[in-house]
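The values are calculated or read from the model by the stated rules, or taken from the named source; none is laboratory data. Just so it is clear, the structure is predicted and the values come from calculations on it, not from any experiment. Here the Cβ is made from the backbone with ideal geometry for all residues, glycine too, and neighbour counts use every protein chain on show.
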Amino acid sequence: MNEESKVKILLVEDDVETSEFLSTFLRDSGFDVDTVFSVTDALSHLKQNPYDILLLDVNLPDYSGMELLKSIKGELSLPTIILSAYGDTRSKIMAFRYGATDYMVKPIDLEELEARIWVQLGKNSKIPSDFEEEAFRIDTSDILLYGKPLGLTWTEFKILQLLLQNKNRTVTRDRLLSILSTVSSNRSLDNHIKNIRKKIAAQGGKNFLKTEYGMGYRLIDNP
């Protein structure tokens, strides 16, 4: 996706860790993402930039995300996906009444979020054809295998996330070590890989994780 054709997203999320997690995934997926942490900053960005879609948290430090929806309703025709911790019917109806076009309950499944973005943009063909067949799903705080959480530590999560983002490609040991501040040695990395394999096996998973001797590790589609 070249720069001219990139979908431009405004992500409004006040939790720094969640914002970074979501924006990193979306950028890696080829989207152009701006992040802000308040309604005030969101309004400023919306006035200055043409966005294709808005991803909006509800609980923000200055105003509610619903207030942002009300303020732009009638002025901007912008697909908006609410990202909320509230899954009750009343909250969803209120969001749709104020102009939201979709609603997701946290924790957010990343692949589902990407699929919903393409649907909102009327580009369903962009959804990967094997979407429903994926064994792994990345969540905001864990990774699911066949729909069940693996129960990973944060370090294990970061390792497996990187391997999933480079599926069927070898990720070098040096690259894994460089992004994981808690991993200080090859032995430590090997121990984390060993634990990940055990947790995959405990969920009935196959040998998805391959060792490329002298190079690194590779996560494959079909063991």
**Q.** Pick from region 17-36, criterion loosely packed, with under 14 Cβ neighbours inside 10 Å and out of contact with any strand residue (DSSP E or B) (no Cβ under 9 Å at 6 or more places or on another chain), ranking: nearest to Thr80 (Cα to Cα)
**A.** Gly30
(Q) Can you go through Glu13, Glu75 and tell me which one is free of Cβ contacts under 8 Å to residues at least 60 places away in the same chain and either closer than 21 Å to Asp139 by Cα or charged (D, E, K, R) (or both)? (A) Glu75
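Would you point out the residue of region 4-36, among those that are among the charged types (D, E, K, R) and not in a helix (DSSP H, G or I), that is modelled with the lowest pLDDT? Explain how you work it out, then say what you get.
Here is the first cut: in region 4-36, the residues among the charged types (D, E, K, R) are 4, 6, 8, 13-15, 17, 20, 27-28, 32, 34.
Next, only the ones that are not in a helix (DSSP H, G or I) stay: 6, 8, 13-15, 32, 34.
Numbers: Lys6: 81, Lys8: 93, Glu13: 94, Asp14: 90, Asp15: 91, Asp32: 94, Asp34: 96.
Looking at residues that are among the charged types (D, E, K, R) and not in a helix (DSSP H, G or I), I get Lys6.
Each row is one residue, and each column tells you yes or no for (1) surrounded by 15 or more Cβ atoms within 10 Å (Cβ to Cβ); (2) closer than 18 Å to Leu164 by Cβ; (3) aromatic (Phe, Trp, Tyr); (4) modelled with pLDDT under 90.
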residue	(1), (2), (3), (4)
Ser178	no, yes, no, yes
Val183	yes, yes, no, yes
Ser188	no, no, no, yes
Lys198	no, yes, no, no
Ala201	no, yes, no, yes
Phe208	yes, yes, yes, yes
Glu212	no, yes, no, yes
Q) Lys70 passes all but one of (1) closer than 22 Å to Trp118 by Cβ; (2) in a helix (DSSP H, G or I); which number fails? A) (1)
Q) Which members of region 133-162 meet the condition of being acidic (Asp, Glu) and surrounded by 15 or more Cβ atoms within 10 Å (Cβ to Cβ)? A) Glu134, Asp139, Asp142, Glu156
Q) What residue, among those in region 37-61 that are crowded, with 19+ Cβ neighbours inside 10 Å and part of a strand (DSSP E or B), is nearest to the chain's Cα centre (by Cα)? A) Leu55
Q.
Whether any residue in region 75-95 is within 21 Å of Lys148 (Cα to Cα), buried (at least 16 other Cβ atoms within 10 Å of the Cβ) and at pLDDT 90 or above is what I want to check.
A. no
Q: Name every residue in region 73-87 that is closer than 21 Å to Val33 by Cα and assigned to a loop (DSSP other than H, G, I, E, B), in order of residue number.
A: Leu76, Ser77, Leu78, Pro79
